[in-house]
Structure formats: structure tokens, C-alpha cells
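Quick notes on the structure that follows.
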Amino acid sequence: MASISAIGVLQSVAVRSIGAMKHVRNVYKKVGVIGVPFDKGQTNSGVALAPDELRRAGVIESMKAVGCEVTDYGNITYRVKEEDCGSVSNMSHLAHIAACQQEVSKKVQEIVSRGELCVTLGGDHTVSIGTVDGHQKAKGDLALLWVDAHADLNTNATSPSGNVHGMPVALLARELADYWPYLPGMDWQMPRISMRNIGYIGLRSLDSYERLTIDKWGVAAYGMDEVLRLGALEALRQIRRRIDPRQRRSLHLSFDVDSLDPLEAPSTGTPVRGGLSLREALALVEEVRRSGRLAAVDLVEFNPAVGDARDRATTVEACRSVLRAACGHSRSGALPPDEDLPLPRTPSPNPPSPSAPPPQPPPAGDPSTVLKTPVPSAEAARDSF
């Protein structure tokens with residue numbers, strides 16, 4: 001019995017090893033990138049510069065280097081309609097947000113429906129109103145992982161600032177539909193995602209009504225205290241068991257740069273100390289990618305106007321690393337598409353040039369053709385006696 005048990009253990013280990021190898025192999029998936037240079041969800045100028053700043057820094061090339069086929073669809077443009085210019089108390093720039101995010105939703109729906117991983121470069125976090133809506137319209141059932149220092153779960157009645165980048169999850173959540181007034185220009189968007197399918201990681205700055213909402217609906221919200229106590233990967237596993245228990249839903253990763261500690265990403269508008277290390281963040285993104293069901297990624301709130309050149313470079317490198325991980329890069333290395341090492345090629349013999357004259361035998365009596373007996377060395381001569 002002991003030997004049978006040992007064999008079973010070995011088989012289990014082998015199966016896990018094979019599974020790990022499959023996870024490490026890059027799937028070379030197609031990726032569609034859009035930029036959303038939008039900053040009207042908050043008050044800091046500069047965040048609209050982020051998509052083009054990231055492109056100049058080579059993030060598209062770094063995603064291609066992972067092995068993905070990347071298509072850059074350019075930046076989203078929009079036009080505000082006069083009939084959609086009604087105002088709502090404590091919601092700044094609603095007409096612009098509604099018009100922009102409607103276009104974002106359409107493009108994301110198009111990209112996800114084609115089977116491409118949709119990567120959205122924000123822009124402030126209002127961008128995710130459009131990306132999640134488009135993803136949901138393309139896939140139906142989805143689970144949303146919100147990596148952020150903030151819950152972004154205020155309504156216009158609870159927000160202390162009126163900045164809509166602190167409201168996107170509340171706009172998306174089905175349970176909060178009755179807590180909103182009529183929003184002009186937002187008829188295209190309906191809150192369709194259950195709070196049961198939304199998970200937070202990295203929280204460390206919550207408003208009081210956000211805390212109340214999380215507790216009221218039992219949201220899977222893991223702050224930095226839980227991350228430190230459990231470890232980032234265990235926190236993620238617990239979140240995924242709650243928001244996607246059958247592991248069937250399409251996954252949406254909304255990654256706010258301020259989820260990282262300011263030492264890792266200083267160029268952001270609302271930094272909060274004590275955040276995720278880049279190592280923890282990459283482990284999270286890699287794990288989500290390994291699920292094989294990641295369909296959309298938002299990278300938001302990078303602000304090139306915040307800080308100096310060194311701060312920008314540090315933040316750009318963090319963004320690049322996160323996007324590479326989302327596209328399949330693994331710090332433990334990715335296997336090539338081939339199953340084995342390449343064998344050396346056998347060189348083919350070079351045929352003689354047709355223009356070259358055929359080799360001629362040496363003339364008779366040529367000294368070079370006479371065999372000469374080699375003269376033994378002195379040591380060899382001594383050894384012969």
C-alpha cells in the first residue's frame with residue numbers, strides 16, 4: 001500500500017509539473033491596444049498625456065517582444081452632443097465622461113469580440129466605465145478585479161469631491177442602480193455587474209460610505225493589511241474563489257497605478273504610501289494571466305506631469321512591467337513555441353562553380369607529388385633503442 005501511495009504522490013507531482021509547464025508557455029495571443037487620453041474625471045492635468053508617453057517609451061514594442069501580435073488602434077476621440085449636456089449635482093464634467101466612455105465601450109466590445117486581449121491605456125479611472133461596459137457587452141458574464149488604493153465606489157450623493165474617477169465601480173454595480181439619479185448622456189450604459197463578481201486588492205484609502213457599501217453587500221475587498229497578512233497571491237486566490245467560484249467567467253483587470261507604493265510609481269495623481277510592491281503586483285498579474293481567461297486590462301492614472309524625469313522613468317518602467325506580465329511574460333521565463341531544442345543544421349556541400357576550370361593533375365616529376373618519409377624526432381629515435 002505504501003508503494004502504491006508513493007506512486008500516486010509521484011503521479012500527482014508529475015501532473016502539477018506538466019500543468020506548470022503549460023502555464024509558463026506563452027500563448028502568443030493577439031492583443032489590441034487603445035489609448036484614452038482623458039483627464040476630466042479628476043482635477044490633475046497631465047494624465048491625458050499618459051497613452052502617448054507610454055507609446056514613446058516603447059510599451060507596444062515590449063508587449064510584442066513577449067511574443068504577442070499587437071495591434072495599436074490609436075487613441076479614442078469623442079464629441080459631446082448638445083442634448084447630452086445636462087448637469088447632475090456633484091458630478092464634474094459628466095457630459096464629457098458620458099461621450100468619451102461610450103466610444104471606449106464600443107471599441108472595447110469590438111476588440112474583445114474578435115478574441116483579442118484588449119489593453120486600454122488611460123487616462124484617469126473613469127476610463128473603466130467604458131472598458132468594463134464594452135467587455136460585458138461582448139462576453140456577458142464577467143468577473144472584475146480592481147487593483148487600486150481606492151475603492152472608487154462613491155455615488156454623487158456620497159462623494160466628497162464630485163470627481164467621477166472615484167465613482168466608476170458604483171456606476172457599474174447592479175446593486176447600486178437605484179442610488180443614482182437620471183444621468184443625461186449615460187443611457188447607453190446600464191449597471192449589469194453584481195457586487196458578488198467584483199474583487200478589490202491593494203485598498204488603503206476608503207471613504208466612509210465606500211466602507212459601508214463594501215460591508216453591506218459583502219464585497220471581496222482585500223486591503224493592504226490583508227495582503228500583508230495573507231500574502232498577495234493567497235489574497236488573490238481567495239478573491240477569485242469568491243468572484244468566480246466556477247472559474248468560468250471572463251476576467252477584467254483594472255489596474256490603477258496608485259495601487260503600487262509611491263516608491264514604485266511616484267508619477268500618479270493620488271499616491272498613498274504603503275502600497276503594493278512591484279514584485280507583488282507582477283505576481284498578481286501573472287497569476288491572473290495564467291488563468292487563460294483574461295480578456296481586458298486597463299492601466300490608468302499614470303500622470304507624466306507629476307514628479308521629475310526620474311519619477312516618470314520609474315513609473316513608466318512599472319507600467320511596462322505590468323503590461324508585459326498581462327501579455328504573458330513570466331519572470332521565471334517563458335517556454336518557446338517549439339517542443340524541443342533546435343538541432344544544428346548540416347551544412348550542404350558547395351558544388352564547384354561552373355565557370356571554374358576543372359582541377360588538373362600535377363605534372364609528372366613535380367616534387368610536391370613525391371612521398372617523403374617523415375624524419376623522426378630525437379626523442380622518438382631514443383625510444384626506438
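Determine the pairs where a residue that is at positive phi and in contact (Cβ under 8 Å) with a residue 24 or more places away in the chain, located within the range 105-129, has a partner that is among the aromatic types (Phe, Trp, Tyr) and assigned to a strand (DSSP E or B) with Cβ atoms under 6 Å apart, the partner being 6 or more residues away or on another chain.
Listed by first residue and then by second, the contacts come to nothing, as the list is empty.
Can you spot a residue in the range 276-295 that is of a type outside the set (Lys, Arg), within 15 Å of ILE201 (Cα to Cα), in contact (Cβ under 8 Å) with a residue 60 or more places away in the chain and outside any helix (DSSP H, G or I)?
Yes: the range 276-295 contains one or more residues that are of a type outside the set (Lys, Arg), within 15 Å of ILE201 (Cα to Cα), in contact (Cβ under 8 Å) with a residue 60 or more places away in the chain and outside any helix (DSSP H, G or I).
Only one residue in GLN101, GLN136 is touching a Leu at 6+ places or on another chain (Cβ under 6 Å), surrounded by 24 or more Cβ atoms within 10 Å (Cβ to Cβ) and either in a helix (DSSP H, G or I) or in contact (Cβ under 8 Å) with a residue 60 or more places away in the chain (or both), so which one is that?
GLN136
Among VAL104, VAL66, which is the only one that is hydrophobic (A, V, I, L, M, F, W, C), modelled with pLDDT under 95 and either touching a helix residue (DSSP H, G or I) at 6+ places or on another chain (Cβ under 6 Å) or within 24 Å of SER161 (Cα to Cα) (or both)?
Exactly one of VAL104, VAL66 is hydrophobic (A, V, I, L, M, F, W, C), modelled with pLDDT under 95 and either touching a helix residue (DSSP H, G or I) at 6+ places or on another chain (Cβ under 6 Å) or within 24 Å of SER161 (Cα to Cα) (or both), namely VAL66.
So ARG273 ticks every box in (1) without any contact (Cβ under 8 Å) to a residue 24 or more places away in the chain; (2) touching a strand residue (DSSP E or B) at 6+ places or on another chain (Cβ under 7 Å) but one. Which box is left unticked?
Answer for ARG273: the failing condition is (2).
Considering the range 296-330 alone, what residues qualify as being out of contact with any Asp or Glu (no Cβ under 8 Å at 6 or more places or on another chain) and in a strand (DSSP E or B)?
ALA296, VAL297, ASP298, LEU299
Give GLY41, GLY67 a once-over and let me know the one that is in a loop (DSSP other than H, G, I, E, B) and either polar (S, T, N, Q) or surrounded by 20 or more Cβ atoms within 10 Å (Cβ to Cβ) (or both).
Just a single option satisfies the conditions, and that option is GLY41.
Mind listing just one residue for me: the one in the range 296-326 that is hydroxyl-bearing (Ser, Thr, Tyr) and either in contact with a helix residue (DSSP H, G or I) (Cβ under 8 Å, 6 or more places away or on another chain) or free of Cβ contacts under 8 Å to residues at least 24 places away in the same chain (or both) and, of those, farthest from ARG249 (Cα to Cα)?
Among residues in the range 296-326 that are hydroxyl-bearing (Ser, Thr, Tyr) and either in contact with a helix residue (DSSP H, G or I) (Cβ under 8 Å, 6 or more places away or on another chain) or free of Cβ contacts under 8 Å to residues at least 24 places away in the same chain (or both), the one farthest from ARG249 (Cα to Cα) is THR315.
Quick check: is even one residue across the range 130-138 among the acidic types (Asp, Glu) and modelled with pLDDT of 95 or more?
Yes: one or more hits.
What's the number of the only condition in (1) at pLDDT below 95; (2) surrounded by 12 or more Cβ atoms within 10 Å (Cβ to Cβ); (3) assigned to a loop (DSSP other than H, G, I, E, B); (4) at negative phi that TYR28 fails to meet?
Condition not satisfied by TYR28: (4).
Out of (1) assigned to a loop (DSSP other than H, G, I, E, B); (2) more than 25 Å from SER250 (Cβ to Cβ); (3) in contact with a strand residue (DSSP E or B) (Cβ under 6 Å, 6 or more places away or on another chain), the odd one out for HIS125 is which?
Going through the list (1) assigned to a loop (DSSP other than H, G, I, E, B); (2) more than 25 Å from SER250 (Cβ to Cβ); (3) in contact with a strand residue (DSSP E or B) (Cβ under 6 Å, 6 or more places away or on another chain), HIS125 breaks only (2).
The values are calculated or read from the model by the stated rules, or taken from the named source; none is laboratory data. Computed from a prediction, not measured in an experiment: that's the story for all the values here. Because the Cβ atoms are built from the backbone with ideal geometry, glycine has one as well, and the counts that use them run over all protein chains shown.
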